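S.K.: Sending over a structure as structure tokens; questions will come in a sec.
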Amino acid sequence: MTLTPLSSNSQPADNQASTQTPDILGRFGQFGGKYVPETLMPALTELEAAYQQYRNDPGFQAELQQLLRDYVGRATPLYFAERLTAHYARPDGTGAQIYLKREDLNHTGAHKINNALAQVLLAKRMNKQRIIAETGAGQHGVATATVCARFGLDCVIYMGVQDMERQSLNVFRMRLMGAEVRPVAAGTGTLKDATSEAIRDWVTNVETTHYILGSVAGPHPYPMIVRDFHAVIGQETRVQAMEKWGGLPDILLACVGGGSNAMGLFHEFVKESSVRLIGVEAAGEGVNTEKHAATLTMGRVGVLHGAMSYLLQDEDGQVIEAHSISAGLDYPGVGPEHSYLKESRRAEYYSVTDSDAVAALQRLAQLEGIIPALETAHAIAYLEFLCPQLSGSPRIVINCSGRGDKDVHTVAKFLENS
Amino acid sequence: MTSISDCFKSLRERRNCALIPFITAGDPDLETTAKALQVLDAAGADIIELGVPYSDPLADGPVIQAAATRALQRGTRLNHVLEMVQSVSPTLRSPIILFTYYNPILNRGIQPFLKQIKDAGVAGLVVPDLPLEEAAGLLKPAAEIGIDVTLLVAPTSSAERIEAIARQSQGFIYLVSVTGVTGMRSGIETRVEDLLQQIRQLTDKPIGVGFGISEPEQAQQVKDWGADAVIVGSAFVKRLADGTPQQGVDAINQFCQSLKTAITSNPANNFSAEED
């Protein structure tokens, strides 16, 4: 059950409110920026310069596009979920037409590889031989380990000890591909702590190392770069929607932890004011308990991991430990552009609980034969609340951001205990 | 209360290199922190850096991270830290610099935060995750209220950045001696000497060197390279945390004196050298 009321203004804001290019300090409105130790400032400048140099470079683009096609398996299908659609149909036959953007069919099983692959191509051009990354659910860690194996680069992945336990399959996959997985025991041993430790490594080894940050979070230029490398999700969706029904989607739905899969889907459509953008956060055991990760729903503006954004924090500005059954959403911060889209009311953000997500995972498995990641299941779960509010037969595209093989132990344990 | 700039002025007149110990507030408890401040003040500290414990100390290595975690687990709150500073600062000769991450400042609001620390008797502020580009909103109100905001320069900083940072930094310039986080290291990178010379050519503001200095020999080395101040953190935090609070306080007392001796030119030795 969502405890979050619907936004009083579900109408899209006007286009003027949508700054898609961050300013020179990397800000989307008041959000973003570069709140990092001085040691990292030159590296961020170097990364931004490399990105500006190569983003439209024909050689870089040719290499990236070929690998996205032949190695990752893009384009991913836009799949009409017929039985899920029937499940939410009204007696008169109208109801939401539900499509899944199948990012789970990418190599390594999630959208994360779009960004990891593109960043490793940048790192190569910056002559960095060592790669580090943080990971929560392990999907970004697996994607990073994968591209490092592909290009023969040293790879160190920071992962919270709690996440290593609940996502042990992914730990094994990373190690199989030659990555070193370093456990992080600080704090709750989850994504926040892994990210802090990755930043400390980067501060120490910045001259030889590239940090492949895995979400649209962190200091500028990461939120922009990671978003742009995932924007292919929305770009393909636009083309596929045009082929399938000759128009735009009416509603886009995606889960939000740091928010990379959501930004990847949304970015292409931010300027299309007819398209509703909905992000779904993890309400954990409920947003009125202490155990949730609903940053945009319950947080206040603060600074974490180099960016100003919404943040779960206490009265003293200490960061609160988040909770979600989904390791990938278990994060007290959120990408700054999501804070901007929320504040400008261009996008709407709601939350669903652990048990909503598990039920949605089971529903999709039984109705469509697709086991989604627990992260993705949060987006699917929101259909329960969204569909009854809709009239007519709007077309909804859900970012099916990852596959759920990694989560079967967690789900089994949850069902045993409930 | 002495300002950081005045403190350096008088040290320069005496041709002394300043000793700046760092401790984490609330580890093991605020009573001990208060005692430690007084002991350091009497044992040769010229300025004292007091760390406000934070949940996500990105620029800190394992020793200071662990101290901050312990302090927070004991329930140390910003208001308690400032109350303690308010009661102790009038008894100290050394001005106090608060070392805090940016979110607790932002959370309280820049103006109220500055006013509260000023009222508590704090003289300066170091914010390790606030680089020059983000510092404007803090520098101006801090200057108006009379709090010196000291900015950091790193080994990776370009000459242009160093110059811009040196121009804006108040009190002194904090030179980070390593590419890395705080913590004890076996040696000081020799490029610190070059960096000191480079910064010296760009500014006449005092330069303090910190991160990674943990032994009297290292402190002396940095002083000999021309630093105006030596900042020692993790080595104090670790000693203070070992054993009972009283043992910790005794240990930092001795350690502070040995550091002070190492960075003070010894007139007796010079005299005997001349006699020879």
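The values are calculated or read from the model by the stated rules, or taken from the named source; none is laboratory data. Quick caveat: nothing in here was measured; it's all calculated off a predicted structure. Ideal geometry is used to build each Cβ from the backbone, glycine not excepted, and the neighbour counts take in all protein chains shown. Just so you know, the surface numbers come from the protein's heavy atoms only, side chains and all, with ligands and any DNA or RNA stripped out. Shrake-Rupley method; radii C 1.70, N 1.55, O 1.52, S 1.80 Å.
S.K.: If the Cβ limit is 6 Å and pairs must be 6+ apart or interchain, which residue in the stretch A:206-234 that is among the charged types (D, E, K, R) pairs with which residue that is surrounded by 24 or more Cβ atoms within 10 Å (Cβ to Cβ)?
M.R.: Matching pairs, first to second residue: A:Arg227/A:Val216; A:Arg227/A:Met263.
S.K.: Can I ask one more? Would you say A:Ala360 is open to solvent by less than 10 Å² (accessible area, probe 1.4 Å), touching a helix residue (DSSP H, G or I) at 6+ places or on another chain (Cβ under 9 Å) and within 22 Å of A:Ala81 (Cβ to Cβ)? Reasoning before the result, please.
M.R.: Numbers: open to solvent by less than 10 Å² (accessible area, probe 1.4 Å): yes; touching a helix residue (DSSP H, G or I) at 6+ places or on another chain (Cβ under 9 Å): yes; within 22 Å of A:Ala81 (Cβ to Cβ): yes.
Considered against the rule, which asks whether it is open to solvent by less than 10 Å² (accessible area, probe 1.4 Å), touching a helix residue (DSSP H, G or I) at 6+ places or on another chain (Cβ under 9 Å) and within 22 Å of A:Ala81 (Cβ to Cβ), A:Ala360 comes out as yes.
S.K.: Could we say that A:Glu180 is acidic (Asp, Glu) and over 30 Å from A:Lys291 (Cβ atoms) here? Reasoning before the result, please.
M.R.: Values: acidic (Asp, Glu): yes; over 30 Å from A:Lys291 (Cβ atoms): yes.
Considered against the rule, which asks whether it is acidic (Asp, Glu) and over 30 Å from A:Lys291 (Cβ atoms), A:Glu180 comes out as yes.
S.K.: Name the one entry in A:Thr144, A:Thr108, A:Thr94 that is in a helix (DSSP H, G or I) and out of contact with any His (no Cβ under 9 Å at 6 or more places or on another chain). Give the steps one after another, and end with the answer.
M.R.: Working: A:Thr108 fails: in a helix (DSSP H, G or I); A:Thr94 fails: in a helix (DSSP H, G or I).
Only one candidate passes the filter, namely A:Thr144.
S.K.: Another question about this same structure. In the list A:Arg90, A:Arg102, A:Arg173, which residue meets the criterion of being within 22 Å of the chain's Cα centre (by Cα), open to solvent by 10 Å² or more (accessible area, probe 1.4 Å) and closer than 30 Å to A:Gly392 by Cα?
M.R.: Details: A:Arg90 fails: within 22 Å of the chain's Cα centre (by Cα); A:Arg173 fails: closer than 30 Å to A:Gly392 by Cα.
So the residue among A:Arg90, A:Arg102, A:Arg173 that is within 22 Å of the chain's Cα centre (by Cα), open to solvent by 10 Å² or more (accessible area, probe 1.4 Å) and closer than 30 Å to A:Gly392 by Cα is A:Arg102.
S.K.: Out of all the residues in the stretch A:196-229, which are among the small types (Gly, Ala, Ser), under 13 Å from the mean Cα position of the chain (by Cα) and either in a helix (DSSP H, G or I) or away from chain B (no Cβ under 14 Å) (or both)?
M.R.: A:Gly214, A:Ser215
S.K.: Any residue in the stretch A:259-287 that is over 19 Å from A:Ala231 (Cβ atoms) sitting within a Cβ distance under 8 Å of a residue that is among the charged types (D, E, K, R) and surrounded by 24 or more Cβ atoms within 10 Å (Cβ to Cβ)? List the pairs, counting only those 6 or more apart or interchain.
M.R.: Going by the 8 Å Cβ cut-off, the qualifying pairs are A:Ala282/A:Asp330; A:Ala282/A:Asp354; A:Ala283/A:Asp354; A:Gly284/A:Asp354; A:Glu285/A:Asp354.
S.K.: Go through A:Thr76, A:Thr39 for me and flag whichever is outside any loop (DSSP other than H, G, I, E, B) and of a type in the set (Val, Ile, Thr). Explain how you work it out, then say what you get.
M.R.: On the way: A:Thr76 fails: outside any loop (DSSP other than H, G, I, E, B).
Of A:Thr76, A:Thr39, the one residue that is outside any loop (DSSP other than H, G, I, E, B) and of a type in the set (Val, Ile, Thr) is A:Thr39.
S.K.: Taking the conditions exactly as written (closer than 27 Å to A:Ile320 by Cα, surrounded by fewer than 24 Cβ atoms within 10 Å (Cβ to Cβ), within 14 Å of another protein chain (Cβ to nearest Cβ) and touching a strand residue (DSSP E or B) at 6+ places or on another chain (Cβ under 9 Å)), does A:Gly187 satisfy them or not?
M.R.: Details: closer than 27 Å to A:Ile320 by Cα: yes; surrounded by fewer than 24 Cβ atoms within 10 Å (Cβ to Cβ): yes; within 14 Å of another protein chain (Cβ to nearest Cβ): yes; touching a strand residue (DSSP E or B) at 6+ places or on another chain (Cβ under 9 Å): yes.
The answer is yes for A:Gly187.
S.K.: Looking for whichever is over 19 Å from A:Gln30 (Cβ atoms), under 14 Å from the mean Cα position of the chain (by Cα) and either of a type in the set (Asp, Glu) or open to solvent by 20 Å² or more (accessible area, probe 1.4 Å) (or both) here; the options are A:Glu315, A:Glu281. Which one fits? I'd like the intermediate steps shown before the answer.
M.R.: Values: A:Glu315 fails: under 14 Å from the mean Cα position of the chain (by Cα).
Of A:Glu315, A:Glu281, the one residue that is over 19 Å from A:Gln30 (Cβ atoms), under 14 Å from the mean Cα position of the chain (by Cα) and either of a type in the set (Asp, Glu) or open to solvent by 20 Å² or more (accessible area, probe 1.4 Å) (or both) is A:Glu281.
S.K.: Look through the stretch B:20-40, keep the residues that are of a type outside the set (S, T, N, Q) and within 13 Å of B:Ile97 (Cα to Cα), and return whichever of them is surrounded by the fewest Cβ atoms within 10 Å (Cβ to Cβ).
M.R.: B:Phe22
S.K.: Please report, ordered by residue number, the strands (runs of 3 or more DSSP E) entirely within the stretch B:95-180 with at least 2 residues that are farther than 19 Å from B:Gly51 by Cβ, at the interface with another protein chain (Cβ under 8 Å from one of its Cβ atoms) and modelled with pLDDT of 95 or more. First the steps, then the outcome.
M.R.: Details: elements: B:96-99, B:124-126, B:148-150, B:173-176.
Ranges flagged: none.
S.K.: Related question: Quick check on this structure: which one of B:Pro155, B:Pro128 is in contact with a Ser or Thr (Cβ under 9 Å, 6 or more places away or on another chain) and either of a type in the set (Gly, Ala, Ser) or more than 17 Å from B:Ile97 (Cβ to Cβ) (or both)?
M.R.: On the way: B:Pro128 fails: either of a type in the set (Gly, Ala, Ser) or more than 17 Å from B:Ile97 (Cβ to Cβ) (or both).
Criteria check complete, one pass: B:Pro155.
S.K.: Which count do you get for residues in the stretch A:241-276 that are out of contact with any Pro (no Cβ under 8 Å at 6 or more places or on another chain) and either of a type in the set (Val, Ile, Thr) or surrounded by fewer than 22 Cβ atoms within 10 Å (Cβ to Cβ) (or both)?
M.R.: Total meeting the criteria: 13.
S.K.: Examine the stretch A:236-247 for a residue that is of a type outside the set (D, E, K, R), within 17 Å of the chain's Cα centre (by Cα) and either part of a loop (DSSP other than H, G, I, E, B) or closer than 28 Å to A:Ala143 by Cβ (or both), and state whether such a residue exists.
M.R.: Residues of the stretch A:236-247 that are of a type outside the set (D, E, K, R), as a first pass: A:237, A:239-242, A:245-247.
Narrowing the set further to residues that are within 17 Å of the chain's Cα centre (by Cα) leaves A:237.
Filter again for either part of a loop (DSSP other than H, G, I, E, B) or closer than 28 Å to A:Ala143 by Cβ (or both), leaving A:237.
Within the stretch A:236-247 (the criterion being of a type outside the set (D, E, K, R), within 17 Å of the chain's Cα centre (by Cα) and either part of a loop (DSSP other than H, G, I, E, B) or closer than 28 Å to A:Ala143 by Cβ (or both)), the answer is yes, since at least one residue qualifies.
S.K.: With respect to A:Ala217, determine if the residue is crowded, with 24+ Cβ neighbours inside 10 Å and modelled with pLDDT of 95 or more. Break it down into steps so the answer makes sense when it comes.
M.R.: Values: crowded, with 24+ Cβ neighbours inside 10 Å: yes; modelled with pLDDT of 95 or more: yes.
For A:Ala217, the condition - crowded, with 24+ Cβ neighbours inside 10 Å and modelled with pLDDT of 95 or more - is met.
S.K.: Run A:Gly178 past the list (1) at pLDDT below 95; (2) of a type outside the set (Ser, Thr, Tyr); (3) under 22 Å from A:Gln129 (Cα atoms) and report the number of the one that doesn't hold.
M.R.: Status for A:Gly178: all satisfied but (1).
S.K.: Among the residues of the stretch B:131-150, what is the count of those that are open to solvent by 10 Å² or more (accessible area, probe 1.4 Å) and closer than 17 Å to B:Thr100 by Cβ? Spell out how you get there, then give the answer.
M.R.: Residues of the stretch B:131-150 open to solvent by 10 Å² or more (accessible area, probe 1.4 Å): B:132-134, B:136-137, B:139-141, B:143-146, B:148.
Applying the additional criterion that residues be closer than 17 Å to B:Thr100 by Cβ yields B:134, B:137, B:139, B:141, B:145, B:148.
Matching residues across the stretch B:131-150 total 6.
S.K.: For the stretch A:225-235, how many residues are more than 22 Å from A:Ile278 (Cβ to Cβ) and open to solvent by 10 Å² or more (accessible area, probe 1.4 Å)?
M.R.: Residues of the stretch A:225-235 more than 22 Å from A:Ile278 (Cβ to Cβ): A:225, A:229.
Next, only the ones that are open to solvent by 10 Å² or more (accessible area, probe 1.4 Å) stay: A:229.
Number of matching residues: 1.
S.K.: Checking A:Gly189 against (1) assigned to a loop (DSSP other than H, G, I, E, B); (2) within 20 Å of the chain's Cα centre (by Cα); (3) closer than 17 Å to A:Ala217 by Cβ: exactly one of these is not met. Which one?
M.R.: The failed condition is (3).
S.K.: Here's a follow-up. Based on this model, can you work out whether B:Arg77 counts as in contact with an Asp or Glu (Cβ under 7 Å, 6 or more places away or on another chain) and either open to solvent by less than 10 Å² (accessible area, probe 1.4 Å) or farther than 24 Å from B:Asp242 by Cβ (or both)?
M.R.: Details: in contact with an Asp or Glu (Cβ under 7 Å, 6 or more places away or on another chain): yes; either open to solvent by less than 10 Å² (accessible area, probe 1.4 Å) or farther than 24 Å from B:Asp242 by Cβ (or both): yes.
The answer is yes for B:Arg77.
S.K.: Keeping to the stretch A:348-361, report how many residues are more than 15 Å from A:Ser309 (Cα to Cα) and touching a Gly at 6+ places or on another chain (Cβ under 8 Å).
M.R.: Just the residues of the stretch A:348-361 that are more than 15 Å from A:Ser309 (Cα to Cα), to begin with: A:348, A:350-361.
Imposing the further condition that a residue be touching a Gly at 6+ places or on another chain (Cβ under 8 Å) reduces the set to A:348, A:350, A:353-354, A:361.
Total meeting the criteria: 5.
S.K.: How do the pairs read when you match residues in the stretch B:56-75 that are more than 11 Å from every other protein chain (Cβ to nearest Cβ) with residues anywhere that are in a loop (DSSP other than H, G, I, E, B) and among the basic types (Lys, Arg), using Cβ under 6 Å and keeping only pairs 6 or more apart or on different chains?
M.R.: That search, which allows pairs on different chains as well, returns nothing.
S.K.: Still on this structure, please answer the following. So, B:Ser186, is that one within 24 Å of B:Asp60 (Cβ to Cβ) and either open to solvent by 20 Å² or more (accessible area, probe 1.4 Å) or more than 10 Å from chain A (Cβ to nearest Cβ) (or both) or not?
M.R.: Working: within 24 Å of B:Asp60 (Cβ to Cβ): yes; either open to solvent by 20 Å² or more (accessible area, probe 1.4 Å) or more than 10 Å from chain A (Cβ to nearest Cβ) (or both): yes.
The answer is yes for B:Ser186.
S.K.: Of all residues in the stretch A:117-141, which are small (Gly, Ala, Ser), assigned to a helix (DSSP H, G or I) and over 19 Å from A:Gly73 (Cβ atoms)?
M.R.: Going residue by residue through the stretch A:117-141, those that are small (Gly, Ala, Ser) are A:118, A:123, A:133, A:136-138, A:141.
Then drop every residue that is not assigned to a helix (DSSP H, G or I), which leaves A:118, A:123, A:141.
A:Ala123, A:Gly141, listed by residue number.
S.K.: Same structure again: What are the residues in the stretch A:351-379 that are of a type in the set (Gly, Ala, Ser) and outside any helix (DSSP H, G or I), if any? Talk me through it step by step, then tell me what you get.
M.R.: First pass over the stretch A:351-379, keeping only residues of a type in the set (Gly, Ala, Ser): A:351, A:355, A:357, A:359-360, A:365, A:369, A:373, A:377, A:379.
Residues satisfying the conditions are A:Ser351, A:Gly369, A:Ala373.
S.K.: Looking only at residues in the stretch B:44-55 that are open to solvent by less than 10 Å² (accessible area, probe 1.4 Å) and among the hydrophobic types (A, V, I, L, M, F, W, C), which one is nearest to the other protein chains (Cβ to nearest Cβ)?
M.R.: B:Leu50
S.K.: Can you tell me how many residues within the stretch A:283-338 are away from every other protein chain (no Cβ under 14 Å) and more than 17 Å from A:Thr353 (Cβ to Cβ)?
M.R.: The number of residues fulfilling the criteria is 4.
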